[in-house]
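Below: the structure, in C-alpha coordinates.
The values are calculated or read from the model by the stated rules, or taken from the named source; none is laboratory data. This one's a predicted model, so the numbers in the text were calculated from it and none came from an experiment. As a convention, Cβ positions derive from the backbone with ideal geometry for all residues, glycine included, and neighbour counts pool all protein chains shown. These accessible areas exclude ligands, DNA and RNA; they are computed on the full protein's heavy atoms, side chains included. Shrake-Rupley method; radii C 1.70, N 1.55, O 1.52, S 1.80 Å.
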Amino acid sequence: MRFLLMSCFFIVFFSCTEEQELILDKKGPLIGSVVLFDQFGRPMPTAEGVEVTLQGIEPSSLILTDSEGRFIFDDIPAGTYNLLFNKQGFREHYTQGIRFVPGPDTLFLLKGMREFSTLVVNDLELEVETRNGNDFLLLKGTIKSGIDAFSTYNVWVYFDDEDKVSNLSFPFTPLKIRGKHNDAFSEEIFLSSFGPVKNQFESGNTVYVALYGDSGASNFNSLESKSEPIGLSQKSNVVSFIMP
(Lines give C-alpha, C1' and ligand atoms only; values in the text may rest on other atoms or scores of the structure.)
Protein backbone atom coordinates (compact mmCIF):
# COMPACT_ATOMS: atom_id res chain seq x y z
CA MET A 1 0.00 0.00 0.00
CA ARG A 2 1.38 3.37 -0.98
CA PHE A 3 2.13 5.56 1.96
CA LEU A 4 1.17 9.19 1.80
CA LEU A 5 3.66 11.60 3.22
CA MET A 6 2.55 14.64 5.03
CA SER A 7 4.69 17.25 6.62
CA CYS A 8 5.62 19.93 9.02
CA PHE A 9 7.56 22.66 7.21
CA PHE A 10 10.53 24.37 8.84
CA ILE A 11 11.41 27.24 6.53
CA VAL A 12 14.61 29.24 6.83
CA PHE A 13 15.23 32.44 4.90
CA PHE A 14 18.15 34.86 4.73
CA SER A 15 17.20 38.51 5.21
CA CYS A 16 18.86 41.65 6.52
CA THR A 17 18.96 44.39 9.13
CA GLU A 18 16.66 47.44 9.10
CA GLU A 19 19.47 49.62 7.79
CA GLN A 20 20.02 47.38 4.78
CA GLU A 21 16.35 47.58 3.77
CA LEU A 22 17.15 50.94 2.20
CA ILE A 23 19.21 49.18 -0.48
CA LEU A 24 16.20 48.24 -2.59
CA ASP A 25 18.11 47.36 -5.74
CA LYS A 26 20.24 44.72 -4.05
CA LYS A 27 19.67 41.06 -5.02
CA GLY A 28 20.53 37.82 -3.31
CA PRO A 29 19.55 34.18 -2.76
CA LEU A 30 16.36 33.32 -0.89
CA ILE A 31 17.27 30.05 0.80
CA GLY A 32 14.98 27.70 2.69
CA SER A 33 14.69 24.20 4.07
CA VAL A 34 11.72 21.84 4.38
CA VAL A 35 11.45 19.01 6.94
CA LEU A 36 8.75 16.39 6.41
CA PHE A 37 6.87 14.59 9.18
CA ASP A 38 4.59 11.57 8.84
CA GLN A 39 1.02 11.36 10.12
CA PHE A 40 2.25 10.45 13.61
CA GLY A 41 4.62 13.41 13.86
CA ARG A 42 7.80 11.45 13.14
CA PRO A 43 10.45 13.14 10.95
CA MET A 44 10.95 11.59 7.52
CA PRO A 45 14.48 10.75 6.29
CA THR A 46 14.14 12.86 3.15
CA ALA A 47 12.19 15.91 2.00
CA GLU A 48 12.98 15.71 -1.69
CA GLY A 49 10.55 16.78 -4.40
CA VAL A 50 8.45 19.40 -2.60
CA GLU A 51 7.34 22.02 -5.13
CA VAL A 52 8.10 25.53 -3.87
CA THR A 53 6.62 28.46 -5.82
CA LEU A 54 7.83 32.00 -5.20
CA GLN A 55 5.10 34.57 -5.88
CA GLY A 56 5.67 38.31 -6.06
CA ILE A 57 8.00 38.32 -9.05
CA GLU A 58 7.07 38.11 -12.72
CA PRO A 59 6.80 35.39 -13.74
CA SER A 60 6.43 33.26 -10.61
CA SER A 61 9.33 30.87 -10.04
CA LEU A 62 8.98 27.16 -9.15
CA ILE A 63 11.74 24.86 -7.89
CA LEU A 64 11.94 21.45 -6.17
CA THR A 65 13.59 20.71 -2.85
CA ASP A 66 16.68 18.50 -2.91
CA SER A 67 17.17 15.28 -0.89
CA GLU A 68 17.90 17.34 2.24
CA GLY A 69 14.80 19.50 1.76
CA ARG A 70 16.73 22.62 0.75
CA PHE A 71 15.68 25.12 -1.92
CA ILE A 72 17.35 28.25 -3.29
CA PHE A 73 15.89 31.07 -5.36
CA ASP A 74 18.82 33.02 -6.83
CA ASP A 75 19.07 36.76 -7.56
CA ILE A 76 15.90 37.80 -5.72
CA PRO A 77 15.51 41.55 -5.16
CA ALA A 78 14.36 43.03 -1.88
CA GLY A 79 10.59 42.88 -1.56
CA THR A 80 7.57 41.12 -0.08
CA TYR A 81 6.83 37.62 -1.36
CA ASN A 82 4.53 34.63 -0.94
CA LEU A 83 5.58 30.98 -0.97
CA LEU A 84 3.39 28.07 -2.05
CA PHE A 85 4.34 24.49 -1.07
CA ASN A 86 2.98 21.40 -2.84
CA LYS A 87 3.71 17.69 -2.79
CA GLN A 88 1.53 14.84 -3.99
CA GLY A 89 -0.42 13.53 -1.01
CA PHE A 90 0.06 16.76 0.93
CA ARG A 91 -2.33 19.56 1.75
CA GLU A 92 -1.26 22.72 -0.04
CA HIS A 93 0.54 25.15 2.25
CA TYR A 94 0.72 28.90 1.64
CA THR A 95 2.93 31.45 3.41
CA GLN A 96 2.17 35.12 2.74
CA GLY A 97 3.89 38.44 3.34
CA ILE A 98 7.54 37.35 3.62
CA ARG A 99 9.69 40.52 3.84
CA PHE A 100 12.99 39.74 2.15
CA VAL A 101 16.09 41.91 1.92
CA PRO A 102 19.35 40.18 0.89
CA GLY A 103 21.92 40.17 3.66
CA PRO A 104 23.77 38.09 6.24
CA ASP A 105 21.12 37.93 8.98
CA THR A 106 18.71 34.99 9.23
CA LEU A 107 14.93 35.03 9.64
CA PHE A 108 13.37 31.77 10.84
CA LEU A 109 9.76 30.98 9.91
CA LEU A 110 8.10 27.86 11.36
CA LYS A 111 5.10 26.35 9.59
CA GLY A 112 3.41 23.02 10.35
CA MET A 113 1.24 20.56 8.44
CA ARG A 114 0.31 16.92 9.12
CA GLU A 115 0.29 13.90 6.85
CA PHE A 116 -3.04 12.73 5.52
CA SER A 117 -4.26 9.76 7.53
CA THR A 118 -3.74 6.37 5.91
CA LEU A 119 -6.37 4.76 8.12
CA VAL A 120 -9.50 3.30 6.55
CA VAL A 121 -12.06 1.49 8.72
CA ASN A 122 -13.43 -1.66 7.08
CA ASP A 123 -16.31 -3.95 8.07
CA LEU A 124 -17.87 -1.33 10.33
CA GLU A 125 -20.68 -2.64 12.52
CA LEU A 126 -22.66 -1.03 15.31
CA GLU A 127 -25.35 -1.73 17.85
CA VAL A 128 -27.10 0.22 20.59
CA GLU A 129 -26.79 -1.09 24.14
CA THR A 130 -28.60 0.18 27.23
CA ARG A 131 -26.86 -0.14 30.60
CA ASN A 132 -28.25 1.25 33.87
CA GLY A 133 -30.66 3.43 31.94
CA ASN A 134 -27.94 4.91 29.70
CA ASP A 135 -27.63 4.33 25.95
CA PHE A 136 -24.31 3.49 24.30
CA LEU A 137 -23.41 3.15 20.64
CA LEU A 138 -20.97 0.24 20.18
CA LEU A 139 -18.70 0.46 17.13
CA LYS A 140 -16.67 -2.46 15.77
CA GLY A 141 -14.51 -2.73 12.69
CA THR A 142 -11.11 -3.54 11.19
CA ILE A 143 -8.12 -1.20 10.90
CA LYS A 144 -6.73 -0.88 7.36
CA SER A 145 -3.70 1.41 7.42
CA GLY A 146 -0.87 -0.45 5.71
CA ILE A 147 1.18 0.09 8.88
CA ASP A 148 2.21 -3.07 10.72
CA ALA A 149 3.44 -1.23 13.83
CA PHE A 150 1.06 -0.63 16.73
CA SER A 151 -0.22 2.95 16.36
CA THR A 152 -2.88 5.32 17.68
CA TYR A 153 -5.28 6.86 15.15
CA ASN A 154 -7.75 9.71 15.35
CA VAL A 155 -11.15 8.74 13.92
CA TRP A 156 -14.02 11.13 13.24
CA VAL A 157 -17.55 9.73 13.51
CA TYR A 158 -20.15 11.39 11.28
CA PHE A 159 -23.93 11.09 11.71
CA ASP A 160 -26.67 11.85 9.17
CA ASP A 161 -30.39 11.31 8.68
CA GLU A 162 -29.65 10.11 5.13
CA ASP A 163 -27.40 7.28 3.95
CA LYS A 164 -25.12 9.68 2.05
CA VAL A 165 -22.94 10.34 5.07
CA SER A 166 -19.94 12.59 4.41
CA ASN A 167 -17.52 14.86 6.23
CA LEU A 168 -20.19 17.57 5.84
CA SER A 169 -22.55 15.58 8.06
CA PHE A 170 -22.91 16.03 11.83
CA PRO A 171 -19.51 15.28 13.47
CA PHE A 172 -18.66 13.67 16.78
CA THR A 173 -15.46 14.34 18.76
CA PRO A 174 -12.66 12.10 17.39
CA LEU A 175 -12.17 8.68 18.90
CA LYS A 176 -8.75 7.18 19.61
CA ILE A 177 -8.34 3.79 17.94
CA ARG A 178 -5.24 1.77 18.77
CA GLY A 179 -3.83 -1.11 16.78
CA LYS A 180 -2.01 -2.10 13.61
CA HIS A 181 -2.97 -3.09 10.08
CA ASN A 182 -5.77 -5.72 10.00
CA ASP A 183 -6.43 -5.48 13.74
CA ALA A 184 -10.04 -5.50 14.95
CA PHE A 185 -11.17 -2.69 17.24
CA SER A 186 -14.14 -1.93 19.46
CA GLU A 187 -15.16 1.52 20.75
CA GLU A 188 -18.28 2.99 22.31
CA ILE A 189 -20.01 6.38 22.33
CA PHE A 190 -22.20 7.47 25.23
CA LEU A 191 -25.52 8.72 23.82
CA SER A 192 -26.24 11.15 26.61
CA SER A 193 -29.81 12.46 26.83
CA PHE A 194 -28.33 15.97 26.83
CA GLY A 195 -25.51 15.20 24.40
CA PRO A 196 -25.06 16.66 20.89
CA VAL A 197 -25.98 13.47 19.00
CA LYS A 198 -29.33 12.94 20.73
CA ASN A 199 -30.11 16.62 20.44
CA GLN A 200 -29.46 16.49 16.71
CA PHE A 201 -31.63 13.44 15.88
CA GLU A 202 -35.10 12.57 17.14
CA SER A 203 -35.87 9.38 19.02
CA GLY A 204 -37.19 6.60 16.74
CA ASN A 205 -35.49 7.96 13.60
CA THR A 206 -32.93 6.05 11.56
CA VAL A 207 -29.45 7.54 11.89
CA TYR A 208 -26.62 6.69 9.50
CA VAL A 209 -22.98 6.54 10.57
CA ALA A 210 -19.57 6.52 8.83
CA LEU A 211 -16.00 6.83 10.09
CA TYR A 212 -13.01 8.72 8.66
CA GLY A 213 -9.37 8.46 9.68
CA ASP A 214 -7.93 11.86 10.64
CA SER A 215 -4.37 13.21 10.53
CA GLY A 216 -4.96 15.41 13.57
CA ALA A 217 -4.71 18.63 11.53
CA SER A 218 -7.55 21.15 11.39
CA ASN A 219 -8.65 24.53 10.10
CA PHE A 220 -10.52 27.03 12.25
CA ASN A 221 -13.87 28.06 10.78
CA SER A 222 -14.27 31.63 12.02
CA LEU A 223 -17.86 31.88 10.76
CA GLU A 224 -19.00 28.94 12.91
CA SER A 225 -16.30 29.33 15.61
CA LYS A 226 -15.13 25.73 15.41
CA SER A 227 -12.22 23.64 14.19
CA GLU A 228 -12.75 21.46 11.11
CA PRO A 229 -10.55 18.43 10.33
CA ILE A 230 -8.46 18.34 7.18
CA GLY A 231 -6.65 15.46 5.54
CA LEU A 232 -9.39 12.90 6.22
CA SER A 233 -8.95 9.41 4.82
CA GLN A 234 -11.37 7.38 2.73
CA LYS A 235 -14.80 6.88 4.32
CA SER A 236 -15.76 3.57 5.95
CA ASN A 237 -18.84 1.62 4.95
CA VAL A 238 -22.08 3.28 6.11
CA VAL A 239 -24.14 1.63 8.87
CA SER A 240 -27.30 2.70 10.67
CA PHE A 241 -29.23 2.44 13.94
CA ILE A 242 -32.56 3.58 15.40
CA MET A 243 -32.06 6.48 17.79
CA PRO A 244 -33.36 5.34 21.23
Every residue from region 58-80 that is part of a strand (DSSP E or B) and either under 22 Å from the mean Cα position of the chain (by Cα) or within 30 Å of Pro229 (Cβ to Cβ) (or both):
Leu62, Leu64, Phe71
Test of understanding: among Ile72, Ile76, which residue is over 30 Å from Ile177 (Cβ atoms), buried (at least 16 other Cβ atoms within 10 Å of the Cβ) and either in contact with a strand residue (DSSP E or B) (Cβ under 8 Å, 6 or more places away or on another chain) or modelled with pLDDT of 90 or more (or both)?
Ile76
Where a residue in region 167-193 is touching a residue at least 60 places away in the same chain (Cβ under 8 Å) and its partner, wherever it lies, is aliphatic (A, V, I, L, M) and loosely packed, with under 12 Cβ neighbours inside 10 Å, with Cβ under 7 Å and at least six apart
none
Yes or no: Leu119 at pLDDT 90 or above and of a type in the set (A, V, I, L, M, F, W, C)?
no
Among the residues of region 156-177, is any aromatic (Phe, Trp, Tyr) and within 17 Å of Asn134 (Cα to Cα)?
no
Looking at Ser151 and the list (1) of a type in the set (Ser, Thr, Tyr); (2) at pLDDT below 90; (3) open to solvent by 70 Å² or more (accessible area, probe 1.4 Å), which single condition is not satisfied?
(3)
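Counting just the residues of region 92-116 that are open to solvent by 80 Å² or more (accessible area, probe 1.4 Å) and either among the basic types (Lys, Arg) or under 30 Å from Ser193 (Cβ atoms) (or both), which one comes out modelled with the highest pLDDT?
Here is the first cut: in region 92-116, the ones open to solvent by 80 Å² or more (accessible area, probe 1.4 Å) are 92, 94, 96, 99, 104, 108, 110, 114.
Subset that is either among the basic types (Lys, Arg) or under 30 Å from Ser193 (Cβ atoms) (or both): 99, 114.
Numbers: Arg99: 89, Arg114: 68.
So the residue we want is Arg99.
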Within region 130-143, of all residues that are open to solvent by 60 Å² or more (accessible area, probe 1.4 Å) and assigned to a strand (DSSP E or B), the one nearest to Val209 (Cα to Cα) is Lys140
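For Leu54, state whether it is in a strand (DSSP E or B), at pLDDT 85 or above, open to solvent by less than 30 Å² (accessible area, probe 1.4 Å) and out of contact with any helix residue (DSSP H, G or I) (no Cβ under 6 Å at 6 or more places or on another chain).
Working: in a strand (DSSP E or B): yes; at pLDDT 85 or above: yes; open to solvent by less than 30 Å² (accessible area, probe 1.4 Å): yes; out of contact with any helix residue (DSSP H, G or I) (no Cβ under 6 Å at 6 or more places or on another chain): yes.
For Leu54, the condition - in a strand (DSSP E or B), at pLDDT 85 or above, open to solvent by less than 30 Å² (accessible area, probe 1.4 Å) and out of contact with any helix residue (DSSP H, G or I) (no Cβ under 6 Å at 6 or more places or on another chain) - is met.
In this structure, does Phe85 turn out to be assigned to a loop (DSSP other than H, G, I, E, B) and under 23 Å from the mean Cα position of the chain (by Cα)?
Details: assigned to a loop (DSSP other than H, G, I, E, B): no; under 23 Å from the mean Cα position of the chain (by Cα): yes.
So Phe85 fails the test.
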Of the residues that make up region 160-169, is at least one at pLDDT 85 or above and among the hydrophobic types (A, V, I, L, M, F, W, C)?
yes
